[in-house]
Amino acid sequence: MDERKNQLRTGIFVTLSLVLLVLMLFYFGLSEMFVRRAKAVTCFAESVQGLSVGSEVKFCGVRVGEVTDISILSREKLIKVDMAIELKHFKGVDESGDADVRDMSFRDFMEKEMKEGLRCRLEFQGITGMKYVSLDYFSKSGDIPVAPVEVREEGAFYIPAVSSTFKDILVALTNAVDRLSKMKFETLFGEVESVLKELNSRLADPALGSSLKNISRLTATLEKSAGNVSRVFSEERMEKLVSVFEQNLVNYNRLAKQLEKISQDMKLPESASGFRDMTAAAIEIRQELTVTLQKLGETLESIRRLAEQINRDPGFIFGGARKSQRTEE
Amino acid sequence: MKKIFSQCGEFMIFLGAVAGAVPELFRRRTRRWREFFYYAELCGFQSLPIVIMLCFLMGVVLGIQGAIQMRKVGTEIFMVDLIGFSVLKELGPLMVAIIATGRAGSAFAAEIGTMKVNEELSALRTMGSDPAGFLVLPKLCAMVISLPLLSVCGDAAGILGGMCVGVSVLEIPVAAYWLRTVDVLNIAALTGGLVKSAVYAILITLAGCYCGFTSSGDAQGVGRGATRAVVMSIFLVVISDAVMTLLFSFIGW
Amino acid sequence: MDVPQKNIIPAVEVRDLAIGYGDRIVLEKLNFTIDPGEVVCIMGGSGCGKSTLLKHIIGLYQPLKGDIFIRGESMVNAAGERKKALMRSLGVTYQGGALFGWMSVAENVEFPLREYTELTAAERRERVQEKLALVGLEKFGSFMPAELSGGMCKRAGLARALALEPDLLFFDEPSAGLDPLSSAGLDKLILDLRERTGATIVVVTHELDSVFTIGDRALMLDRERRTLVADGKPAELIKEYAGSWVGDFLSRNGTANR
């Protein structure tokens, strides 16, 4: 009848929906209940911004579990992150048996790995700002850091954490900025300012103006005296001097050659007159040389006097020059 | 203003009558399996094809719209989250509620209005029955059971629709889509949607029956009552959706 | 024909009743009694409040003022289960039969039995068949109300009203919308019922044929004066109120219909 048809249809509908419901419940959550998990705890000393309950836990990039709770340890000022790690991802770990055996097996494995440097670290997940807990060999092998007191009291399995790369960069940056901020910019600027002020006042001093004028006059005078000096050491005189000197040297040379010849041809009795001649010639040369040297000395003396004169009064150069110009005219 | 108050008062009286009749559910004699099956079939099985179709299309539409936006930032895989959560939490229950409003809510109003015209309500009362309990409770039970179940079917259809778009348009592998779906969706989203669905069922039934009871006793009044039932149901559904979403967000659903 | 006796409790007693909707008073200062076994016709022009009065008497509406006693028990002050029981003890037949559309005729008749008696399924079926036979619908038990004619619906409604075997029966416009033959058939059925069960019967009608055929007593309601204007045997009323509105109503329409 109609009623039976109603019931049949309703029955079909309810069965279908319930099957679907059970399937969805299973896939969307209840299947989680049959997954064997181990609990682990880690503590971060940094902000866990971006990490939330349900965030992933990855072991060397393999998703092995999720964050189940995040709390603050008020005594140590640490962020405690509870994780549930699915044991099926660790093939070597004993998955069968009861919870205690599984836990122990997992702990043994993890402790071994932790000695080799296994640590927790916060990592960014994509560009969204979300984070996940990464388990990897971030540290050098060695001793395992001790768990915070509160975690130890709880008896939870502790995996130590290292600060994230981001955190390291942040620390370095913070330090640099800190140091910068610690520099006493005010006193530094004060000093610079006072130096500038001093300089300014010196420049404004009138004495500086006059001495500058003196300097410029001095410079001009010096230039003129240099001109005079060059005239005194005129080319002709110098050439004459040098030619006299040369001549003397040639004479001396000739004398030396004569002397040699004499000594070679010498017969002791007849050589006495030759020796006398030679000596007379040498005396002559020596006199000439002395005259030359005297003249050179006179020249040097006159230069010295000139320099002295310039030193005493630079204006003399101008005056002398003008006088000499006038006399030339 | 006075009218609104008096209407609220009327509704409260009606609500009281229905609530007062609830204990009848626990008396063997007054369990009305027949009516229950009739309405369960009406708003359950008969609505199933349209619910599945609409929810599937909703998933497809949402998938395409999501894909266009997600592709811009290269986060196509998050489309799975978008479709999964919006279908489970909002669209599934809402689509089912709207279909139920059109099918069941207006039907309830028309049925009770007609009974009023035919003096069947008076007859019921003179036979010592409580019309509120007699007429409302079987509908209420049928709706409260069949709407969440319909929502489950709608959810599945919606996710399937999204999957079709994801696989065909965005070329996400079926396995990847499925794994992501299973991974991100949780029981809280599903049950949250089902709870909403049950609340919608209650509201639609109450609005439909109330409009039937208060319709004026003529043929025109029946039509007006049915229209009013639809408007009132959708209004109540949307308001309650907002309130529930807010409340669920407090407890983290 | 039963002679009213003073020492027995009246089946229905109406005291200083005022009825209406909100502020609008339809009828007031109503005082009458109906004795057990009587067949009383409540009459009046359209819109005078006949049906409304009936609905007050059977407890569907609360009156503005006054009280109604059913077998000495106040209907107005009864509440909760007591009122339900009191209402259940009345058999009411509505204009259109008011059958529940989603149940077959037999199920409609069975409904009060299933709800309020401890009868077994077989006993119920027997009782349903008996009541359907009484109204001449024994072959239509499996029909749905929509498949029946108007007169059949009314008779089925009567069968349902009789299911709990009440001693007080109310009919709301039994002949409305029926052809004269069906109407006469229904009148005959009412008389038959009185013969068989000795129940008190109250009929609201404007069909004068019925009034003269079945009525021991007629109560005339006037819309203008908003109260009861005449009370007595229909045939006597014509004489008593000859020349007035009541006499006119009864005789003119009556003769016209005859």
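The values are calculated or read from the model by the stated rules, or taken from the named source; none is laboratory data. Quantities reported herein were computed from a predicted structural model and do not represent experimental measurements. No Cβ is skipped: glycine too gets one built from the backbone with ideal geometry, and neighbour counts run over all protein chains shown.
Residue count for the stretch B:177-194 under the criterion of being part of a helix (DSSP H, G or I) and touching a helix residue (DSSP H, G or I) at 6+ places or on another chain (Cβ under 7 Å): the result is 11.
Taking the condition crowded, with 22+ Cβ neighbours inside 10 Å and either over 27 Å from C:Arg88 (Cα atoms) or under 18 Å from the mean Cα position of the chain (by Cα) (or both), does C:Glu195 pass? No, not satisfied. Evaluating C:Arg124 against the criteria (1) assigned to a helix (DSSP H, G or I); (2) buried (at least 22 other Cβ atoms within 10 Å of the Cβ); (3) within 13 Å of chain B (Cβ to nearest Cβ) leaves one unmet condition, (2).
Being part of a loop (DSSP other than H, G, I, E, B) and surrounded by fewer than 21 Cβ atoms within 10 Å (Cβ to Cβ), is that true of even one residue in the stretch B:123-146? Checking the stretch B:123-146: at least one residue is part of a loop (DSSP other than H, G, I, E, B) and surrounded by fewer than 21 Cβ atoms within 10 Å (Cβ to Cβ). Checked against (1) under 28 Å from A:Ile12 (Cβ atoms); (2) surrounded by fewer than 13 Cβ atoms within 10 Å (Cβ to Cβ); (3) more than 14 Å from chain A (Cβ to nearest Cβ); (4) among the hydrophobic types (A, V, I, L, M, F, W, C), B:Trp33 passes all but condition (3). If the condition is being charged (D, E, K, R) and either in a loop (DSSP other than H, G, I, E, B) or without any contact (Cβ under 8 Å) to a residue 40 or more places away in the chain (or both), then the stretch C:56-76 contributes C:Arg71, C:Glu73. Applying the criterion of being in a strand (DSSP E or B) and at pLDDT 85 or above to the residues of the stretch A:125-160, the residue that is nearest to B:Gly74 (Cα to Cα) is A:Lys131.
Here C:Ser46 clears all of (1) closer than 17 Å to C:Leu164 by Cα; (2) out of contact with any strand residue (DSSP E or B) (no Cβ under 8 Å at 6 or more places or on another chain); (3) not aliphatic (A, V, I, L, M) except the condition numbered (1). Exactly one residue among C:Asp179, C:Asp222 is at pLDDT below 85 and loosely packed, with under 15 Cβ neighbours inside 10 Å, and that residue is C:Asp179. Residues considered: B:Val80, B:Val96. Of these, the only one that is touching a Cys at 6+ places or on another chain (Cβ under 9 Å), in a helix (DSSP H, G or I) and either under 30 Å from B:Phe213 (Cβ atoms) or within 14 Å of chain A (Cβ to nearest Cβ) (or both) is B:Val96.
The set of residues in the stretch C:60-107 that are within 12 Å of chain B (Cβ to nearest Cβ), at positive phi and surrounded by fewer than 22 Cβ atoms within 10 Å (Cβ to Cβ) contains only C:Gly80. Identification of strands (runs of 3 or more DSSP E) wholly contained in the stretch C:155-255 with 2 or more residues that are closer than 14 Å to C:Gly45 by Cα and without any contact (Cβ under 8 Å) to a residue 60 or more places away in the chain yields C:227-232.
Listed by first and then second residue, the pairs with beta-carbon distance under 8 Å, at least 6 apart or on different chains, first residue in the stretch B:147-173 and outside any helix (DSSP H, G or I), second surrounded by 24 or more Cβ atoms within 10 Å (Cβ to Cβ), are B:Val169/B:Gly63; B:Leu170/B:Met79; B:Ile172/B:Met79; B:Ile172/B:Val80; B:Ile172/B:Gly166. Mind listing whichever residues of the stretch B:110-147 are within 28 Å of C:Leu53 (Cα to Cα) and away from chain C (no Cβ under 12 Å)? Correct list: B:Gly113, B:Ala132.
Would you check if B:Gly16 is more than 14 Å from chain A (Cβ to nearest Cβ) and either under 30 Å from B:Leu88 (Cβ atoms) or without any contact (Cβ under 8 Å) to a residue 40 or more places away in the chain (or both)? Criteria met by B:Gly16.
The lone criterion from (1) within 30 Å of C:Thr227 (Cβ to Cβ); (2) in a helix (DSSP H, G or I) left unmet by C:Val92 is number (2).
From the list B:Gly59, B:Gly92, B:Gly66, the one residue that fits, being within 30 Å of B:Val182 (Cα to Cα), crowded, with 16+ Cβ neighbours inside 10 Å and more than 22 Å from the chain's Cα centre (by Cα), is B:Gly66. Residues in the stretch A:142-165 that are under 33 Å from the mean Cα position of the chain (by Cα) and surrounded by fewer than 17 Cβ atoms within 10 Å (Cβ to Cβ) were compared, and the one that is farthest from A:Val41 (Cα to Cα) is A:Thr165. Residues that are assigned to a loop (DSSP other than H, G, I, E, B) and of a type outside the set (Asp, Glu) within the stretch B:195-253 comprise B:Ser215, B:Ser216, B:Gly217, B:Gly252, B:Trp253, listed in sequence order.
Hey, any hits in the stretch C:137-148 for a residue that's part of a helix (DSSP H, G or I), of a type in the set (A, V, I, L, M), buried (at least 20 other Cβ atoms within 10 Å of the Cβ) and more than 10 Å from chain B (Cβ to nearest Cβ)?
No - not one qualifying residue is present in the stretch C:137-148.
The stretch A:4-83 holds strands (runs of 3 or more DSSP E) entirely within its bounds, and those carrying 2 or more residues that are of a type in the set (A, V, I, L, M) and within 14 Å of another protein chain (Cβ to nearest Cβ) map to A:62-73. Any chance the stretch C:150-166 includes a residue that's at pLDDT below 85 and buried (at least 23 other Cβ atoms within 10 Å of the Cβ)? No, the conditions are met nowhere in the stretch C:150-166. Among the residues making up the stretch B:177-208, those that are more than 10 Å from chain A (Cβ to nearest Cβ), farther than 30 Å from B:Ile112 by Cα and touching a Gly at 6+ places or on another chain (Cβ under 9 Å) are B:Tyr177, B:Arg180.
Pairs meeting the criteria (first residue in the stretch C:121-144 and farther than 11 Å from C:Ala163 by Cα, second residue small (Gly, Ala, Ser), beta carbons under 6 Å, at least 6 apart or on different chains) are C:Val135/C:Ala159; C:Leu137/C:Ala156; C:Gly141/C:Ala106; C:Ser142/C:Ser104; C:Met144/C:Ser104.
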